[in-house]
1. Residue under question is residue 226, and the condition is that it be at pLDDT below 95, within 27 Å of residue 296 (Cβ to Cβ) and in contact with a strand residue (DSSP E or B) (Cβ under 8 Å, 6 or more places away or on another chain); does it hold?
2. For residue 190, indicate whether it is surrounded by 18 or more Cβ atoms within 10 Å (Cβ to Cβ), modelled with pLDDT under 95 and in contact with a strand residue (DSSP E or B) (Cβ under 7 Å, 6 or more places away or on another chain).
3. What do you reckon, is residue 128 assigned by TED's automatic domain parsing to the domain that holds residue 96 and in contact with a strand residue (DSSP E or B) (Cβ under 6 Å, 6 or more places away or on another chain)?
4. Among the residues of the range 140-163, is any in a helix (DSSP H, G or I), surrounded by fewer than 18 Cβ atoms within 10 Å (Cβ to Cβ) and touching a residue at least 24 places away in the same chain (Cβ under 8 Å)?
5. What number goes with the only condition from (1) under 18 Å from the mean Cα position of the chain (by Cα); (2) surrounded by fewer than 21 Cβ atoms within 10 Å (Cβ to Cβ) that residue 85 does not pass?
6. Going through 117, 97 one at a time, which residue ends up being in a helix (DSSP H, G or I) and within 13 Å of the chain's Cα centre (by Cα)?
7. Evaluate the following for residue 164: is it over 17 Å from residue 63 (Cβ atoms) and touching a strand residue (DSSP E or B) at 6+ places or on another chain (Cβ under 6 Å)?
8. Would you tally the residues in the range 258-297 being outside any strand (DSSP E or B) and touching a residue at least 60 places away in the same chain (Cβ under 8 Å)?
């Protein structure tokens with residue numbers, strides 16, 4: 001497959017995207033003196049669904065130019081995922097990048113990652129490449145699908161905070177296959193309630209009793225899941241069954257919590273490692289030890305879930321002309 005994507009077209013797209021962001025920023029910051037009162041009230045009632053900086057827009061199109069120049073999209077999906085993940089090696093680890101002030105918005109941040117946003121961004125970019133869609137609106141679509149329940153933003157509780165639900169919801173959407181349900185020998189059966197029991201650690205919950213109620217209901221639902229995990233002592237027996245680019249979710253003994261860390265599988269010299277945004281070194285890196293040793297050395301980790309990204313075909317229509325999708329919260 002040959003991808004038609006030129007540097008000239010990329011620069012043109014970047015120019016018009018930057019222009020669009022700047023114009024929208026001015027429009028929503030200043031308003032229009034010619035707009036009547038009812039129209040002004042309608043605009044005020046609309047909630048911005050997207051938070052993106054001009055820097056992130058530039059990173060996105062620079063990445064797409066790099067991927068096109070290296071014909072990355074012609075590779076199988078596992079190799080595409082690893083290629084995308086390697087592109088961001090060395091990027092800083094930063095926690096809580098999704099917790100912006102105000103209403104819940106889709107945060108696009110390609111400058112810095114935590115372990116979850118790293119996996120989400122890598123997968124969204126990989127899906128773009130394999131679907132042949134090199135534009136920002138397609139990336140936004142996939143990122144929103146991965147991050148939110150049913151792919152819809154409906155307040156803070158609609159974000160997939162728990163990885164066991166993240167896996168299940170994205171399997172239902174056809175983006176992930178939970179292969180550990182076939183490989184694993186054990187079911188978790190843990191009661192999930194960490195967020196509702198530690199409200200002080202989540203500013204959005206501290207300030208909203210209704211959110212606490214919604215999160216508690218979600219936790220109750222997640223606690224009924226029957227997910228199988230691969231035990232730490234069995235990991236090395238299944239390394240050949242885990243593919244490059246598979247999502248590795250580290251099951252934890254921390255009370256009320258399901259998963260404590262995420263990474264993307266990487267085979268090297270007959271051993272299985274993973275690429276992750278790590279607090280050790282505070283950057284995106286390849287694990288120093290193989291997967292089995294890493295899990296055995298973590299006191300609060302007892303096994304892994306494995307989610308396999310699935311092939312996507314064709315682009316999905318998500319026009320940027322949609323008023324709600326066009327309301328950009330722009331930062332520099």
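The values are calculated or read from the model by the stated rules, or taken from the named source; none is laboratory data. Source: prediction; values computed, not measured. Note that each Cβ is placed from the backbone with ideal geometry, even for glycine, and that neighbours are counted across all protein chains shown.
1. Yes: the conditions hold for residue 226.
2. Working: surrounded by 18 or more Cβ atoms within 10 Å (Cβ to Cβ): yes; modelled with pLDDT under 95: yes; in contact with a strand residue (DSSP E or B) (Cβ under 7 Å, 6 or more places away or on another chain): no.
The answer is no for residue 190.
3. Criteria not met by residue 128.
4. yes
5. Of (1) under 18 Å from the mean Cα position of the chain (by Cα); (2) surrounded by fewer than 21 Cβ atoms within 10 Å (Cβ to Cβ), only one is false for residue 85: (2).
6. Values: 97 fails: in a helix (DSSP H, G or I).
None of the other options fit; the residue is 117.
7. no
8. Qualifying residue count for the region: 7.
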